[in-house]
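Input: one structure, supplied below.
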Amino acid sequence: MKLCVLAFVATVVFCACPTSWSHYGDKCFFLSRDNETFADSLKLCEVIGRQYGRSASLATVDDAKTQQFLANLMIKINSIGMYIGLNDLVTEGEFHWIANGKQATYFNWGPTQPNNRGGNENCVAMRVDPVIGFNYSWTDGPCTVPTTYICEMVAADIGNLLG
Ligand SMILES: *[C@@H]1O[C@H](CO)[C@@H](O)[C@H](O)[C@H]1NC(C)=O
Ligand SMILES: *[C@@H]1O[C@H](CO)[C@@H](O)[C@H](O)[C@H]1NC(C)=O
Ligand SMILES: [Ca+2]
């Protein structure tokens with residue numbers, strides 16, 4: 001659902017989220033088409049956010065409803081893998097959300113994940129691979145593998161615009 005306010009005087013439409021972003025809760029989400037490393041994904045989210053004067057990051061998926069919302073967006077574009085903002089780059093096995101620094105409490109790991117394979121898997125993606133049981137569930141992978149990614153930023157407060 002797109003939440004917009006039409007200001008008749010100026011005939012300008014203010015939307016909670018820009019075109020091509022999806023509104024959920026108090027956030028806007030964007031699914032990339034380009035494949036980037038985890039670090040470049042984060043940088044590009046930040047760059048895109050600045051273009052809207054907002055602070056953007058890689059997506060925080062901290063409950064089952066957000067997981068479901070993002071899975072449904074991935075279905076629409078036939079995506080089979082996207083970085084989210086979860087990583088254990090600082091301390092092995094301790095997963096933090098990059099947007100707010102908080103340690104994760106909700107997880108949706110796929111089978112045998114996270115396994116830190118080769119001692120080198122610190123960045124998390126939502127993955128689809130029915131053969132091995134991944135249904136938008138999470139895998140830790142090497143941060144250098146280029147993958148599409150999901151950005152988030154705060155939705156504009158339409159309530160404030162209305163006064
Ligand atoms: C991104 O990677 C996927 C999987 O390897 C590939 O199918 C897709 O074409 C790539 N997208 C772009 C824009 O290069
Ligand atoms: C896979 O996930 C999607 C999105 O959450 C859901 O609609 C579908 O029922 C799931 N499929 C299986 C086999 O669990
Ligand atoms: Ca790891």
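FYI, it's all coordinate maths here, none of it is from the lab. This one's a predicted model, so the numbers in the text were calculated from it and none came from an experiment. Don't worry about glycine lacking a Cβ; one is built from the backbone with ideal geometry, like all the others, and counts go over all protein chains shown.
Only one of (1) among the acidic types (Asp, Glu); (2) farther than 18 Å from residue 148 by Cβ; (3) in a helix (DSSP H, G or I) fails for residue 40. Which number is that?
That leaves (2) as the condition not met.
Among 108, 122, which is the only one that is touching a strand residue (DSSP E or B) at 6+ places or on another chain (Cβ under 6 Å) and within 15 Å of ligand 2 (Cβ to nearest atom)?
Within the list 108, 122, the selection yields 108.
Out of 38, 29, 69, I need the residue that is in contact (Cβ under 8 Å) with a residue 24 or more places away in the chain, within 16 Å of ligand 3 (Cβ to nearest atom) and not polar (S, T, N, Q). Which one?
Exactly one residue qualifies, and that residue is 38.
The rows are residues; the columns are (1) in contact with a Lys or Arg (Cβ under 7 Å, 6 or more places away or on another chain); (2) within 12 Å of ligand 2 (Cβ to nearest atom); (3) under 18 Å from residue 114 (Cβ atoms); (4) assigned to a strand (DSSP E or B).
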position: 44; (1), (2), (3), (4): no, no, no, no
position: 53; (1), (2), (3), (4): no, no, no, no
position: 62; (1), (2), (3), (4): no, no, yes, no
position: 74; (1), (2), (3), (4): no, yes, no, no
position: 82; (1), (2), (3), (4): no, no, yes, yes
position: 85; (1), (2), (3), (4): no, no, yes, yes
position: 89; (1), (2), (3), (4): no, no, yes, no
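In the set 115, 135, which member is away from ligand 3 (no atom under 16 Å from the Cβ), of a type outside the set (Phe, Trp, Tyr) and either at positive phi or touching a strand residue (DSSP E or B) at 6+ places or on another chain (Cβ under 8 Å) (or both)?
Result of the check over 115, 135: 135.
So which residues in the range 90-112 are near ligand 3 (Cβ under 10 Å from one of its atoms) and among the charged types (D, E, K, R)?
Selection gives 92, 94.
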